[in-house]
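> For reference, the structure I am asking about is given below.
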There are 2 protein chains.
Amino acid sequence: MILYSYWRSTAAYRVRAALNLKGIKFDTRPVDLVKDGGMQHHPDYIKINPSELVPSLELDDGTVLTQSLAIMDYLDTIKPEPALLPSDPIARARALGVAHSVAMDIHPVNNLRVGQYLGKTFGADADAKRDWMVHWMEVGFRSIEPLLTSDTKFAFSDTPGLADICITTQCYNANRWGVDMMPFPKILNIEKNCLSLQAFIDATPEQQPDAVVS
Amino acid sequence: MILYSYWRSTAAYRVRAALNLKGIKFDTRPVDLVKDGGMQHHPDYIKINPSELVPSLELDDGTVLTQSLAIMDYLDTIKPEPALLPSDPIARARALGVAHSVAMDIHPVNNLRVGQYLGKTFGADADAKRDWMVHWMEVGFRSIEPLLTSDTKFAFSDTPGLADICITTQCYNANRWGVDMMPFPKILNIEKNCLSLQAFIDATPEQQPDAVVS
């Protein structure tokens, strides 16, 4: 499998963590979202992913899948263990709900292209863009924190799953943009426990072949 | 079941359509997102849904589920027929990918609270907010159109599913805000075919008990 990825994309980070948790080997094909206006807009990449976003997962037969959560659902289908979601319907819905709170209510509003459009349309400078991102992360984390279990290593149990992947990858952005995480002890606990696992360590932005670490 | 809903919320509209397609009876409990600054921010509703968003689905035992796509996944689990997603893993991933393109790349960026924040922070007036919404819908629809099948009644087959629900409900917003849909014939075809079904007709905003139709 080939993962079209960008080191700092938290959507790509999610899929890297899921692939690693399941022990599925993959090659990383970096897509530089910043260089020359963004290689995700290059005609060659648009053929792979018409949404001009990362990640994309190319299977061995050339089939390309897009959207990080759809890709992770696929991985759970073709390799059910370890499962990313619990099997009980209510527990599954709760875990998926938290994952979606991150993936739908926080991440898209803070996407790179939204920040770029804010700058172009409303003249938002770097500070205004940071304030924008911090605002939506704080709103989102405030809504997620009360939904989490308090006496487990991860969001709902002692095994990491989809909610933990979405939370931990979002924490990377939260740290990058300076969100005060003190009001979110359960989220912090999940991040700490995920980042103690090799599957997550190997998926972190800094460990990627295209990382630019200053 | 009780669905906490707002007539114009396309996320609530999705769940209404899914419940109707599956023939699951439910009571609608309107949450007025506009009145008095928004009833979704009322302490009584925050107890139900700490994200202060609709929809929420309250089950008969009082359990509350949030996030429209997590709720629809739950409905598919407890009442598998008619299925909202195909069973083949690749077909499932593609349908889920299109559903997520709407639910993650378009809808959250155009959420009511984002528009309100644009107004407060960047002084966006009604025209600027409409331009913002139209922009993200056009970007999203352009990325979805090439992924759809052209010789079927719905997105990928002659049976409506999750992708069709997400597309058709988003079309309601597109029509409301004046998106030129001519470049998206496959999306238009899906909308037309969905809106010919009673399950969708009964779920439309105008048919809701809290609809304000002028």
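> So for B:Met39, B:Met72, A:Met1, fewest C-beta neighbours within 10 Å to most, what's the order?
Going from least to most buried by this count: A:Met1, B:Met39, B:Met72.
> Springs between alpha-carbon pairs under 10 angstrom, Gaussian network model over chain A: which of A:Ala18, A:Ala126, A:Ala163 fluctuates most?
Of A:Ala18, A:Ala126, A:Ala163, the Gaussian network model singles out A:Ala126 as fluctuating most.
> Still on this structure, I have one more. If I model a spin label as a point 7 Å beyond the Cα along the Cα-Cβ vector, how far apart are those points for A:Phe122 and A:Ile90 in nm?
Inter-label distance under the simple model: 4.1 nm.
> Sticking with this structure for a sec: Treat the protein assembly as shown as a sphere of radius equal to its Kirkwood radius over Cα pairs and apply Stokes-Einstein at 10 °C in a medium of 1.306 mPa s; give the translational diffusion coefficient in µm²/s, rounded to a whole number.
Details: Rh = 21.7 Å.
Diffusion coefficient, whole number: 73 µm²/s.
> Roughly how many Å is it from the Cα centre of segment B:42-100 to that of segment A:131-188, as a whole number?
Here the answer is 21 Å between Cα centres.
> In whole Hz, with x marking every Gly and Pro, tabulate ³J(HN,Hα) for segment B:79-91 from phi via Karplus 6.51 cos²θ - 1.76 cosθ + 1.60, θ = phi - 60°.
9, x, 10, x, 5, 7, 9, x, 8, 4, x, 5, 4
> Here is a further query. Which length gain, in nm to one decimal place, applies between B:Asp131 and B:Glu206 when the Cα-Cα distance is subtracted from 0.36 nm times their residue separation? Present the calculation step by step, with values, prior to reporting the outcome.
Working: separation 75, 0.36 × 75 = 27.00 nm, distance 2.41 nm.
24.6 nm is the gain from fully extending B:Asp131 to B:Glu206.
> Next question, about the same structure. What number, in nm² with one decimal, is the all-direction average of the projected area of the convex hull of the alpha-carbon atoms of chain A?
Spelled out: convex hull of the Cα atoms, projected over all directions, averaged, 12.0 nm².
> Hey, another quick one. Calculate for chain B the 222 nm mean residue ellipticity that helices alone would give, adding -39,500 (n - 2.57) per DSSP H run of length 4 or more and normalising by residue count, nearest 500 deg cm²/dmol.
The per-residue figure over chain B is -14500 deg cm²/dmol.
> Can I ask one more? May I ask you to work out the translational diffusion coefficient for segment B:89-200 at 4 °C, viscosity 1.567 mPa s, via Stokes-Einstein with Rh from the Kirkwood sum over Cα pairs, reported in whole µm²/s?
89
> Once the Cβ-Cβ distance between A:Arg142 and B:Thr152 is put in as r, and R0 is 51 Å, what FRET efficiency do you end up with, to the nearest 0.05?
Rounded to the nearest 0.05, the efficiency is 0.75.
> Same structure, new question: Using alpha carbon coordinates only, what is the Rg to Rh ratio of segment A:62-109, with Rh defined as the Kirkwood radius?
Taking Rh as the inverse mean 1/r over Cα pairs, Rg/Rh reads 1.02.
> Provide an ascending nm list, one decimal, of label-point separations from A:Ser214 to the equivalent residue in each further copy; define each label point as 7 Å from Cα along Cα→Cβ.
Relative to the other copies, A:Ser214 has label-point distances of 5.0 nm.
> Something else now. Is the shape of segment B:2-82 best called rounded, prolate or oblate, per the rule: a/c under 1.5 gives rounded, else a/b larger than b/c gives prolate, else oblate, with a ≥ b ≥ c the square roots of the Cα gyration tensor eigenvalues? Let's see the in-between values first.
Values: a/c = 2.25, a/b = 1.71, b/c = 1.31.
Prolate, since a/c reaches 1.5 and a/b exceeds b/c.
> What order, most packed first, do the peptides B:188-200, B:105-117 have when packing is the mean number of other Cβ atoms within 10 Å of each residue?
Highest mean packing first, the order is B:105-117, B:188-200.
> Roughly how crowded by other chains is peptide A:142-150, in terms of the mean Cβ count from those chains within 10 Å of each of its Cβ atoms?
2
> So, one more: Quick check for me: using +1 on Lys/Arg Cβ and -1 on Asp/Glu Cβ, what's the dipole size of segment B:2-82 about its Cα centre, in debye to the nearest 20?
For segment B:2-82, the charge dipole is close to 260 debye.
> Sticking with this structure for a sec: Relative contact order for segment B:97-206 using alpha-carbon pairs under 8 Å, separation at least 6, rounded to a whole percent?
29
> Once the label point is placed 7 Å from Cα along Cβ, list for B:Ala91 the distances to the corresponding points in the other copies, in nm, shortest first.
3.1
> Inter-copy label distances at B:Arg176, 7 Å along the Cα→beta-carbon direction, one decimal in nm, shortest first?
For B:Arg176, the inter-copy label distances come out at 3.2 nm.
> Here is a further query. Enter the mean number of other protein chain beta carbons within 10 Å of the beta carbon of each residue in A:131-137, as an integer. Could you put the intermediate results ahead of the total?
Numbers: counts 1, 5, 0, 0, 2, 4, 0.
So the per-residue partner count for this stretch is 2.
A short reminder: the numbers here are calculations on the coordinates, not readings from a lab. Everything numeric here is computed off the predicted structure, so don't read it as measured data. All Cβ positions, even for glycine, are placed from backbone atoms using ideal geometry, and neighbour counts span all protein chains on display.
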